[in-house]
Each structure stands twice: as structure tokens, then as C-alpha cells.
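So the structure is just underneath, and the comments pick up after that.
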């Protein structure tokens, strides 16, 4: 069973959503396409401006899938780590620093009532509870909301020690320019820098479909990477992982 089955299901659902919209777009872009009400009383020709808007809307669907996938992965990572660990001392070096940094940044809200001995357990529980208490909007903050592309995903993976943290750029199998293209154009629309009609006018449907494929393929590879990380318990310190493997062999 996958360690990230909720995220996998989310990505499949978003993929079906995009595919259904693409099928609609193919018909809408045909010459002299129209929308007709059920009783035929209303017939609406799909003008160029409407079809340009419809093409631009695909960027919103793709970006939504990107951001939702990252947030759901983070949630499943927190849940898996929180269920298997009880102390900051058990964690790999990257995750240990993340927990300590989180404690430092939120220390103003920590009191003697919430902090118990031993301290390394209290710090870990404070980090875990802080995430679980955040609503969806807050989970999208801190460098996620509106900024998801290959580099942003790589940054999140490095924080947990999912991938090596010594490089500035993500490994090729976890990156593709299409993610940045979707993010940048989505932000242009979201910030009102360009209208849907103006942006959609410069978009070719087949190119959008190609970008969509790369977006979903890249997200699937990211999910697979996180699943391996959780399966192999790489969130634990190396000595801790070795001890668990030894115990498993002896059993």
C-alpha cells in the first residue's frame, strides 16, 4: 500500500478534470461551434474572445493541480512522520533543522505549560501540532501559495531530506519548464496583469495539452519520490534507520 495514497488519488482526480476540460475545448475551438440550451431556445455562438478565455482557464486548472498536490504531499509527510516519531533527535539532519527552525520562529507562542521534558520530544510535538492546526489557507502560505513550480517543489523536498540539499536546481526527473510556464501565466491572470482574452489569444491548444502532460508526469514522479522516502523511513537519522533494519533482519 502506498504511503501517499491520498495524494495519488487527488492527482488522478485532477487529471480526469483536466482531460474532460480538454475534450470540451477541442469541440469549442472547432469552426462555428455553438452552445445550445437543452430545449434549443438559446443558441450561443462561441466567439474568438470566449474561446481565448476558455484556453486561459486551462492554466488555472493546471496550477490548481500543482498547488493541491504539494500541499497534500506535505500533509501526508507530516502524518507519516508524526505517527512514527516522537522526538526531534530521531530525525535526519535536514528535518531536524526544519523542526528546530519552526520552534524558534514560533517560540513566542510557547509557554511552560506547553513545553514538557524531555525537550527534544516537546519540540517535535510542537512542530507536528502546529502543522495539523493550520487551516488550508495557512498550509499554502510560507512560499507555497502562488509560487509552485519545479524549484519550489524541490525546496520543499530538501527541507525534509527527501532529496539531497546541496544543489540549487532540482534533479531532471523532478523538474520540467512547463510547471514554471503554468505558474507564471497563472499569476499574470491572478494579479490582473493581463486579461484572459489577451493571454488566451497567444495560446495554442496542442501546446497547452503537451504542457499539461508534462505537469502531471512531473507531479507523479514527485509523488513517487516522496513515497519511497516514507517507505524507507529516510526521515529518520541514519543510525536510527540502521537499527530498525537490523531489528527487522533479526526478527
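Between residue 105 and residue 206, what is the label-point separation in nm under the 7 Å Cα-to-beta-carbon projection?
That separation, rounded to one decimal, is 4.5 nm.
Between residue 44 and residue 220, what is the FRET efficiency for a Förster distance of 30 Å, r being their Cβ-Cβ separation, to the nearest 0.05?
Numbers: r = 37 Å, r/R0 = 1.24.
Rounded to the nearest 0.05, the efficiency is 0.20.
Which percent of Cα-Cα pairs in the chain sits in each 5 Å bin, short to long?
Percent of pairs per bin, in order: 1, 6, 11, 14, 15, 13, 11, 9, 7, 5, 4, 3, 2, 1, 0, 0.
For n ≥ 4 DSSP H runs only, could you compute -39500 (n - 2.57) per run for the chain, divide by its residues and tell me the 222 nm figure to the nearest 500? Could you put the intermediate results ahead of the total?
Details: 10 runs with 164 residues, N = 251.
Rounded to the nearest 500, it is -22000 deg cm²/dmol.
Angle, helix 177-190 long axis vs. longest principal axis of the chain, Cα atoms, 0 to 90°, nearest 10?
The answer is roughly 70 degrees.
Calculate the spin-label point distance for residue 24 paired with residue 180, positioning each point 7 Å from the Cα along the beta-carbon direction, and give it in nanometres.
3.2
Contact order normalised by length for the chain, with contacts defined as Cα pairs under 8 Å and 6 or more residues apart; what percent is it?
On the way: 234 pairs, mean separation 75.0, N = 251.
Across the chain, relative contact order equals 30 percent.
Enter the angle in degrees (range 0 to 90, nearest 10) between the Cα long axis of helix 119-133 and the first principal axis of the Cα atoms of the chain, meaning the one along which they spread out most.
The answer is roughly 20 degrees.
Treating the angle as unsigned and between 0 and 90°, give the value, to the nearest 10°, between the Cα long axis of helix 238-250 and the longest Cα principal axis of the chain.
Around 80 degrees separate the two axes.
Can you tell me how much longer the chain between residue 33 and residue 12 gets when fully stretched, taken as 0.36 nm per residue apart minus their C-alpha distance, in nm with one decimal?
Full-extension gain reported as 4.6 nm.
List residues of segment 39-60, by number, whose backbone nitrogen lies under 16 Å from a label position 7 Å along Cα→C-beta of residue 188.
It comes to 52-60, nothing else.
If the elastic network links every pair of Cα atoms under 10 Å, which of 170, 118, 238 fluctuates the most in the Gaussian network model of the chain?
The residue with the greatest mean-square fluctuation here is 118.
Order the peptides 1-10, 185-194 from the highest to the lowest mean number of other Cβ atoms within 10 Å of their residues.
Numbers: 1-10: 16.7, 185-194: 14.9.
Going from most to least packed, we get 1-10, 185-194.
Between 74, 60, 44, where does the largest GNM mean-square fluctuation fall for the chain, given springs only between Cα atoms within less than 10 Å?
Result: 44 has the largest fluctuation of those listed.
State, as an integer percentage, the relative contact order of segment 149-191 based on alpha-carbon contacts under 8 Å between residues 6 or more apart. Intermediate values should be presented prior to the final figure.
Details: 21 pairs, mean separation 20.1, N = 43.
Once normalised by length, the contact order is 47 percent.
Extension gain residue 1-residue 164, at 0.36 nm per residue separation less the Cα-Cα distance, in nm?
Working: separation 163, 0.36 × 163 = 58.68 nm, distance 2.55 nm.
56.1 nm is the gain from fully extending residue 1 to residue 164.
Where a number appears in this text, it was derived from the coordinates with a stated rule and is not lab data. As the structure is a computational prediction, the values presented were derived from the model and not from experiment. For neighbour counting, all protein chains shown are included, and Cβ atoms are generated from backbone atoms with ideal geometry for every residue, glycine included.
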